[in-house]
Number of protein chains: 2
Amino acid sequence: MAPRSASKSAVPSDKVGVICRALRRAIIEQALEPGAKLPEDSLGERFGVSRTIARHALGQLAAEGLVELRRNRIAVVATPSWQEARDAFDIRIELERLVVRQLAGKLTKSQVAELNAHVDAEDRARDGSDAVSIRLATEFHILLANMTNSPILVRYVSEVAYRCCLTLSLYSRPHSSECAINEHRAIIAALVKGDEAKVMSLMHSHLDSVASRALVAPAPQRGRDLLDILAPYAEEGDGGRVVKLPKVVRAR
Amino acid sequence: MAPRSASKSAVPSDKVGVICRALRRAIIEQALEPGAKLPEDSLGERFGVSRTIARHALGQLAAEGLVELRRNRIAVVATPSWQEARDAFDIRIELERLVVRQLAGKLTKSQVAELNAHVDAEDRARDGSDAVSIRLATEFHILLANMTNSPILVRYVSEVAYRCCLTLSLYSRPHSSECAINEHRAIIAALVKGDEAKVMSLMHSHLDSVASRALVAPAPQRGRDLLDILAPYAEEGDGGRVVKLPKVVRAR
DNA sequence: GGCCGTCGAACTGCATGCAATTGAGGCGCT
DNA sequence: AGCGCCTCAATTGCATGCAGTTCGACGGCC
C-alpha cells in the first residue's frame, strides 16, 4: 500500500536491491535456514542477472550479517552463535528504546492508524504460518523505527531486528512469539499517551521477554547438527581449520 | 603492533577489505573531504585492481554510510546532513554506554595497559596534525568496543564512530576535540574501578560534550557551500530532481 | 554578455570469459 | 570394510568489453 521504497543509500543499481530484499525476506521467513547455501550462479539465474550482481548482493547482505562469506567458498545464510544472538538482542533493546523515546507523544494520527493497522494484520496472521507471524512482528518494529525519520536509526534497527529474527529460527521453539501482539498494542498506547519513561520500559521488557523466551540457553541438543555443537570447541582463528572429524554426515 | 586483522565477515576477498580500510582511513583523516569524488577507474588504478573490485568496495562503504552511491553517478564521500549527524551521535551514545556497561570491572591488566598506551599515543599526537588526533580519538572508542568481544557491537560502534568522524569534518571548527583526552583517561579509571553507573554517565557526557562542541547548530554559514545549504529545501524523493538553480558555481 | 542546445569524453551498469581453488566422489591400498 | 589419495566437476576471484547514461564544454542565438 504505502509506497515505501525504503533505503535510498547503499543500493548501487536496484537489481542488487531487489535481490537483497528478496533474500532478506526469505531468510526471516525461514524459507532459507541458517547454513543454507547461496551459490552465485543459482542466485543469478533465479533473478535473471549475472553472477556479478548476485555477488554484489551477497556482499551487501554479508555486511548486514545475514550471510557469511568465506573466501572461495559458497556463501551461506549466517549461523550466529548463541552469544551473538544475545549480543544482538542487547543492542536491539538499546536502539529501540531510543526509537520510542524519540517517538513518545509525537505520533501523528495517521501514524497511529498505520501502527494499529499493522498490529491488526499481525492478529489476522495468527492463524497463518509461523513465518508470516514472525515477519510481521519484526516489521512492526521496523515500522516504528521508520517513523523517527532518522535513516541511520532505521538502518540499524532493521539490521539488528533481522539478525534477531535469524537467531529465532536457530534457537527458539516454534510459536514462541505470537503472544507478543498485546505488548505491541500496549506500546502504541503508551506512545500515544506520550509517557516517555513508560514506553521505554515497555519496549525494554517486551524485547527482553521475547529474547528470554526465545533464547533458551545454549541447549546442547538445540543446535542444528553435530557440526554446530562442536563449533565452539574448534575456535576458528583467523585462518584456523576446524579439527578434522571422522565421518560426519552433514545434515542436508 | 597487535595483529588485529579485524572484521572477518563481509570481506569477500581481501583486496576489497584493503581498499575499504584505506578509504575509511582517508575519510576519517579528512584526506578525502565529504563530497570528494571516487571514480571506480581511479580507485582501481590506484590500488592495482579492476573496477569490479573497486566497485565492490564502494558498495561496502556505502552500506556503512561513508560514501554515497547514486545510479550512474560518480560515488562521493558522504555528506551527512546536520540532523543525521545529531542522530548518529545519539545512537553512538547509547551503543557506547552499552560497551562500557559490559566492560566495567572486567578489563584484564593487559587490556588496561593497551588502553593507557593508546591514550598516551593520543597525548603524543597532540602536536601533530588534527587529522591524526581525530583518528586516534575515534580509534580509542573502537578499541574499547573491541574488548567486549561482541563482533556485532564492534561493527556498529565502528560504523557510527566513523560517521561521527565524518560529520566532524563538516560541522566542527578545528581543534575542537583534543581536550577530550582527559575524559578518555577518566573513563579508563572508572572502568578499572568497576563503577558501572559512573562509567556510563562519564561516557555519556563525554560523547555529549564532543557532540555539542562539534555540532555547532545548523549554522547557515558553516555548510560546505551553497548546494549544501539549499539541500534541505530540495527534498529529493526517490527519483526527485533537485530544483534547477541558475548558475551555481560548485566549490571545487 | 548571458542563456540554451548540442556534442563528446568520462563514467557507470552489467555480462561474460578465464584462471584458481575447493570439496566430493571414486579408486586403490592396507 | 575402512582409510587415504587423487582426480574432476562445481564454484569462486577477478579482469575486461560493450552499451547506456551523465556531465561538462564548446558554439550559436538572443
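Assorted remarks:
Quick grid of which residues meet (1) crowded, with 17+ Cβ neighbours inside 10 Å; (2) closer than 23 Å to A:Asn149 by Cα:
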{"position": "B:Ala31", "(1), (2)": "no, no"}
{"position": "B:Leu38", "(1), (2)": "yes, no"}
{"position": "B:Arg51", "(1), (2)": "no, no"}
{"position": "B:Leu61", "(1), (2)": "yes, yes"}
{"position": "B:Leu69", "(1), (2)": "yes, yes"}
{"position": "B:Asn72", "(1), (2)": "no, no"}
{"position": "B:Val77", "(1), (2)": "yes, yes"}
{"position": "B:Pro80", "(1), (2)": "yes, yes"}
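Listed here are the residues, each with its yes/no results for (1) within 16 Å of DNA strand C (Cβ to nearest atom); (2) within 21 Å of the chain's Cα centre (by Cα); (3) under 24 Å from B:Asp14 (Cβ atoms).
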{"residue": "B:Gln60", "(1), (2), (3)": "yes, yes, yes"}
{"residue": "B:Gly65", "(1), (2), (3)": "no, yes, yes"}
{"residue": "B:Ala75", "(1), (2), (3)": "yes, yes, yes"}
{"residue": "B:Lys109", "(1), (2), (3)": "no, no, no"}
{"residue": "B:Ala113", "(1), (2), (3)": "no, no, no"}
{"residue": "B:Ala117", "(1), (2), (3)": "no, no, no"}
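- Matching residues, the range B:12-58, being more than 11 Å from DNA strand C (Cβ to nearest atom), among the charged types (D, E, K, R) and in contact (Cβ under 8 Å) with a residue 24 or more places away in the chain: B:Lys15, B:Arg24, B:Arg25, B:Glu29, B:Glu33
- Check on B:Glu33, charged (D, E, K, R) and at pLDDT 95 or above: no
- Among the residues of the range B:191-211, those identified as more than 20 Å from the chain's Cα centre (by Cα) and over 13 Å from B:Lys106 (Cβ atoms) are B:Ala197, B:Lys198, B:Met200, B:Ser201, B:Leu202.
- Every listed requirement among (1) part of a loop (DSSP other than H, G, I, E, B); (2) within 16 Å of DNA strand C (Cβ to nearest atom); (3) among the hydroxyl-bearing types (Ser, Thr, Tyr) is met by B:Thr79 save one, (2).
- Leading residue by the ranking (farthest from the other protein chains (Cβ to nearest Cβ)) among those in the range A:57-74 that are assigned to a helix (DSSP H, G or I) and within 11 Å of DNA strand D (Cβ to nearest atom): A:Leu58
- Meets criteria (among the charged types (D, E, K, R), in a helix (DSSP H, G or I) and more than 22 Å from B:Pro80 (Cα to Cα)) for B:Glu139: no
Yes/no matrix, rows are residues, columns are (1) modelled with pLDDT of 95 or more; (2) crowded, with 17+ Cβ neighbours inside 10 Å:
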{"position": "B:Leu66", "(1), (2)": "yes, yes"}
{"position": "B:Glu84", "(1), (2)": "no, yes"}
{"position": "B:Val112", "(1), (2)": "yes, no"}
{"position": "B:Asp127", "(1), (2)": "no, no"}
{"position": "B:Ala137", "(1), (2)": "no, yes"}
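The values are calculated or read from the model by the stated rules, or taken from the named source; none is laboratory data. Note that this is a predicted model, so its numbers are computed, not measured. Positions of Cβ are generated from backbone atoms using ideal geometry, with glycine treated the same way; all protein chains shown enter the neighbour counts.
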